[in-house]
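Right, one structure below, let's go through it.
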Amino acid sequence: MKIEDFAYIVETEKGFDEAVVSVRKAVENKGWAIFQVYDYKEILAVKGFKQKPLKIIEICSGKYANQFLNKNKLTSLCMPCKINVLEENGKVKIIGMNPTIISQFFPEISRQETEEVEKDIKEIVDNAI
């Protein structure tokens, strides 16, 4: 498996904080909910570790979550969806998981269903750059 099979990665010219705000706006504009935002640089700094900026934004579409949970409750292991904003080698990247991978673990979830979710995730990421 290649990283591209698992993750949708784009670079943005925006600064880190601006990219985080853009992701949040794109999520809301798409009609998805934001559950939580984790600041891993801060979380690890409390433990004495130094880390470059990384925020993990947990998002959810009730429609898709309900659809998948009705087919297999264990799909909850893949929920909520996450979009990461990170700084690496002086570049800001926005990264979303490709939900099509879910159909490889849960055969009752069709690839077509996961492609619909993936389309939304990629739109959110693209609209944030």
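Of the chymotrypsin sites (Phe, Trp or Tyr not before Pro) found in the stretch 17-49, those that fall in a DSSP loop while having at most 10 other beta-carbon atoms within 10 Å are 49.
Distance cut-off 26 Å, Cα to Cα: go down the list 63/93; 71/119; 2/93 and report the pairs above it. Don't skip to the end; give the middle numbers.
Working: 63/93 28 Å; 71/119 20 Å; 2/93 18 Å.
Those over the limit are 63/93.
Taking a straight Cα-Cα cut-off under 15 Å and skipping sequence neighbours fewer than 8 places away in the same chain, the aspartates and glutamates within cross-link reach of residue 50 are 39, 42, 87, 88.
Once the other residues with Cβ under 13 Å from the Cβ of residue 127 are scored (Lys, Arg +1; Asp, Glu -1), what is the net sum?
Working: positive: 14, 24, 25, 30, 119, 122; negative: 28, 120, 123, 126.
Net charge in that neighbourhood comes out at +2.
Maximal additional length on extending the residue 36-residue 88 stretch stands at 16.5 nm, based on 0.36 nm per residue less the C-alpha distance.
Computed from the coordinates by the stated procedures, all read-outs in this text should not be read as laboratory data. Bear in mind the structure is a predicted one, so any value in this text is a computation, not a measurement. Glycine gets a Cβ as well: all are built from the backbone with ideal geometry, and neighbour counts include every protein chain shown.
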